[in-house]
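Readers should treat all values here as calculations from the given coordinates under stated rules, not as data from a laboratory. Given the structure is predicted, the values throughout are model-derived calculations rather than measurements. Because the Cβ atoms are built from the backbone with ideal geometry, glycine has one as well, and the counts that use them run over all protein chains shown.
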Amino acid sequence: MKVVLSGFYGFGNTGDEAILEAILTNLKTRWPEMEITVFSFSPEMTSKAHNVRSLYRGWRQDTWQKLRALRSADLLISGGGGLLQDTYATGIISGPLPYYLLITYLAKRCGTPVMFFSQGIGPITSKYGKWLTKRVANKVDLITVRDAASAEALATLGVHKPPTFVTADIVFAFQERPASAKAQKIIDTLPQATLAVSVRPWFTSNTYIQRQFATILDALIEEKGCHPLFISMEGRHDYEASQAVIRAMQHPEACLLLEPDYTPNDYIQFIKACQLTLGMRLHSLIFSTLAEVPCIGFSYDPKVESFLKLIDMWEQSVAIEEIDTEKVIQNSLSILDEHNPYKIKMSEAKRTLKNKAEENLELLNDYFLKRSLSYEDIVHDHI
């Protein structure tokens, strides 16, 4: 079987690279003979890291190779992650939403089946984005989404034709391994009261976010002797945002800022050595759940709030535009003081979401490999 994989790959975003690794390792484990081609912004890096064929995802090069790959494929897997959204500037063919839908459209024109795989949908607010999503997504053969809000978003947009299942982010099926020697050397030196911190730049709110994080972290350092460990989930962007928070703090000497060159697996292992995660990035919170470490989220996007509600940590968390520093400080202290019940909660969430994540692969198998099964059989098996 030949499969093409399209997503936000090769850009250095740790969450998306974790998605790619989780998909590839699970596909290779279940179907070792599967031939996989990944559309990537950095095809050489992707090929080297995962031992797969990779083509440049843009239209400036490898265009005919991409079309040939789609034409010869038995399946296009689009996802996972939050591909279909128009938060960022969107033109007729520019921006993430038109790009991924164009890949889908081309695959269908080539006669290739398409699966939207473990996707997070939205926000899609423009008239063009809504029209394009409805027009193209209704031609897809199978859709799995990582939360109920995404399924509702598709229904609201008028996407009703493809079989659609609510599963979980495929990163919950990530196959962990020991940390690299470089990462383990740092892990071995971390103090017991270490906090994992994930911040990101966010349009015009950067100064506000920096001040709020600095206030919270300084208070936890003074109250509990905590040591913030800053994790850069998207390369230099998050690294520089972390530096700005540290500069705004009264106790910068208590902080450790990791270089933005570790693998997703290493970041999971770093978080395992922590007592609590304070995170903006969705996948910092997902990594924290995988590590069974309690987390407090700072929601800048509906996907973050949806996930925090899914793991029952929204009550402890805040929306980014209205950060109540005193609430976050008190909730952090409560979690640190009563750590075990929260750890148990994270462990239970991890187990549940791992099972849901693996349904993405079971549905792929049932729908595209076990061709003798009817849709009614598939639905019955996954209720």
Note to self: As a footprinting exposure proxy, order M1, M34 by other Cβ within 10 Å, with the fewest listed first.
What the structure shows: M1, M34
Next item on the list: Can you check what the net charge comes to around A179, using other residues whose Cβ is under 12 Å from the Cβ of A179 (Lys, Arg +1; Asp, Glu -1)?
Entry: +1
Notebook entry, point to check: Where does each of S72, S242 land when they are ranked from fewest to most other beta-carbon atoms within 10 angstrom?
Noted result: S72, S242
Check: In debye to the nearest 20, how big a dipole does the chain give about its Cα centre with +1 on each Lys and Arg Cβ and -1 on each Asp and Glu Cβ?
Finding: 1640
Next item on the list: Quote the FRET efficiency, to the nearest 0.05, computed for I344 versus R30 with a Förster distance R0 of 45 Å and r equal to the Cβ-Cβ distance.
Entry: 0.90
Note to self: Using the Kirkwood radius over C-alpha pairs as Rh, can you work out the diffusion coefficient of the chain via Stokes-Einstein at 10 °C, viscosity 1.306 mPa s, in µm² per second?
What the structure shows: 74
Next item on the list: Grab the other residues whose beta carbon is less than 12 angstrom from that of T156, score K and R as +1, D and E as -1, and report the net.
Entry: +1
Notebook entry, point to check: Under the definition of Cα pairs under 8 Å and six or more residues apart, what whole-number percent is the relative contact order of the chain?
Noted result: 14
Notebook entry, point to check: Quick one: which of 292-302, 324-334 comes out on top by average Cβ neighbours within 10 Å, and what's the full order, highest first?
Noted result: 292-302, 324-334
Next item on the list: Between the alpha-carbon centers of the range 205-247 and the range 127-170, tell me the distance in whole angstrom.
Entry: 36
Notebook entry, point to check: Cross-link list K224/K343; K108/K130; K2/K309; K139/K303: which exceed 29 angstrom alpha carbon to alpha carbon?
Noted result: K2/K309
Item checked: Summed side-chain charge close to S72 - residues other than S72 whose Cβ falls under 13 Å, Lys, Arg +1, Asp, Glu -1 -> +3
